[in-house]
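Step one of this worksheet: look at the structure below.
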Amino acid sequence: MSDKGAAPMGRATVEHALATLRDERDRISASLLDLEQHHGHRLLKGARLSGGTRDRWERAQAALTFLWRLFDAYQGVLEEATELQRRRPSEATLRRLTELLTGPSVEVPRDEITLRRRTLLGPDRERCTLQEAKEQMTEAYREVTELVSAVDAAWEALLEPLEAAEREWREAVRLAQSLGEGRDAELDRLGRELAATGQLVRTDPLALVENGRADAERIESLRAGLAAVREGLAEAARLRAEYDERVAALEAGLSTLAQAVAAARSAYRTVQVKIADPGVPEPADPGPVLRERLDALPALRAAGRWSDLAARMAELETNIAGAVEQAERARALSTGLLERRDELRGRLDAYRVKAARLGFAEHDELARLHEQARALLWTAPCDLRRATVALTRYQRALRSLETGTD
């Protein structure tokens, strides 16, 4: 507040002060209009809010109402001062201008006077300086803009994934209806959760804000679950159109499996005869069990249970492919032992040719070692471990003769 005994401001000082205050008023007015046009503010005004977001918005609306009313009072003081300043100010006018510009000239909106400062006859009139009014408007503006910015940021982060999840749900519902299977329990559960989450996002977005950031994890989890359900339903729809071709492919897969199992068992029987202690298990034949599962599919088709049928068919396709791969590995394991024996035989023949070329064909010790290795490799069942040791001895003996070392 100003001192009534203080000297009035000079004309130049008044003119400069008014110019500064009018510039500040224009900037405050522009900020308030920008706030009114802000996307988040417009959304809040049209939203049906709940929870903590509603409570904060109600406080922010009260603050905004107070801000506008105080701004009107602030502007009224500036208008009065401007009108006085247009005249050729007398000393009394300058004193009045000084009181308006520096003293408690702005009337604070009556509704905003706190309860503890009211009387039985109602709130006392409260006045503040232009500077104090500007500070109060700044604080109210900060409260409103913080709320608007927080809600706008939350909606910006949450609405897009929410709408994407809702599109997933609508597409899944459309597919489920096209299959004519009735209600899908998982789709219904996800739909209920999505509806509840959507209500929360649209009416109380701040409930999903933690540490200043909107948490979309709940929505993304729902979206992923709905995408999985939708993909399952889409697969069921594809299966309905391709059922005969898929069954034919499964039949072909079982035929391939039968051939692979037969080849694996043939190799297994051969290796049992030709290799001593081969250590390979007898190949299993999952064909009969898989055949039973294939034969059960037509009943699901007749019942129109396309989702169950798609899941079971996909599992059957995976199992048949895995069984074929396992049978081929079993055959490769058996044939690998025979290939190892044939490789050792080839190496022994190559070393014998080399010995003859070096003039050691009749060398007694080398001939003895050759005969030991040959007997092991050409005897059924062949002991691969002992044959490998014998071949290594023959190779070392030949190298010693070639290099002249003991």
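The values are calculated or read from the model by the stated rules, or taken from the named source; none is laboratory data. Every value quoted in this text rests on a predicted model; they were computed, and no experiment measured them. All Cβ positions, glycine included, derive from the backbone under ideal geometry; neighbour counts span all protein chains shown.
Condition (residue is loosely packed, with under 13 Cβ neighbours inside 10 Å, on the phi < 0 side of the Ramachandran plot and not in a helix (DSSP H, G or I)) applied to the range 34-48: is it met by at least one residue? The answer is yes, given that some residue of the range 34-48 is loosely packed, with under 13 Cβ neighbours inside 10 Å, on the phi < 0 side of the Ramachandran plot and not in a helix (DSSP H, G or I). Is it true that residue 219 is crowded, with 17+ Cβ neighbours inside 10 Å and within 22 Å of the chain's Cα centre (by Cα)? Taking the combined requirement at face value, the residue satisfies it.
Screening the candidates 327, 387 for the property of being under 58 Å from the mean Cα position of the chain (by Cα) and either under 30 Å from residue 255 (Cα atoms) or modelled with pLDDT of 95 or more (or both) yields one hit, 327. Kindly check whether there is at least one residue in the range 49-62 that is in a helix (DSSP H, G or I), β-branched (Val, Ile, Thr) and closer than 14 Å to residue 150 by Cβ. Within the range 49-62, one or more residues are in a helix (DSSP H, G or I), β-branched (Val, Ile, Thr) and closer than 14 Å to residue 150 by Cβ.
Considering (1) modelled with pLDDT of 95 or more; (2) in contact with a Pro (Cβ under 9 Å, 6 or more places away or on another chain), the lone condition that residue 278 does not fulfil carries the number (1). Apart from one condition, residue 16 fits all of (1) modelled with pLDDT of 90 or more; (2) closer than 30 Å to residue 209 by Cβ; (3) surrounded by fewer than 14 Cβ atoms within 10 Å (Cβ to Cβ); the exception is (2). Contact list please: Cβ distance under 6 Å, first residue in the range 324-349 and assigned by TED's automatic domain parsing to the domain that holds residue 285 and among the hydrophobic types (A, V, I, L, M, F, W, C), second residue part of a helix (DSSP H, G or I) and surrounded by fewer than 17 Cβ atoms within 10 Å (Cβ to Cβ), pairs at least six apart or on different chains. Listed by first residue and then by second, the contacts come to 324/256. Total residues in the range 195-213 satisfying the condition of being within 14 Å of residue 147 (Cα to Cα) and not in a helix (DSSP H, G or I): the figure is 4. A Cβ distance below 9 Å, combined with a sequence gap of six or more or placement on separate chains, defines the contacts here; from the range 270-284, residues that are under 17 Å from residue 388 (Cα atoms) reach residues that are assigned to a loop (DSSP other than H, G, I, E, B) and of a type in the set (Gly, Ala, Ser) in the pairs 274/380; 275/380; 276/380.
Taking the range 275-302 only, how many residues are part of a loop (DSSP other than H, G, I, E, B) and of a type outside the set (Gly, Ala, Ser)? So that I can check it myself, show each step before the final result.
Of all residues in the range 275-302, those part of a loop (DSSP other than H, G, I, E, B) come to 276-286, 296.
Among the residues that remain, those that are also of a type outside the set (Gly, Ala, Ser) are: 277-278, 280-283, 285-286.
Result for the range 275-302: 8.
Would you say residue 378 is over 30 Å from residue 284 (Cβ atoms), of a type in the set (Phe, Trp, Tyr) and surrounded by fewer than 14 Cβ atoms within 10 Å (Cβ to Cβ)? Considered against the rule, which asks whether it is over 30 Å from residue 284 (Cβ atoms), of a type in the set (Phe, Trp, Tyr) and surrounded by fewer than 14 Cβ atoms within 10 Å (Cβ to Cβ), residue 378 comes out as yes.
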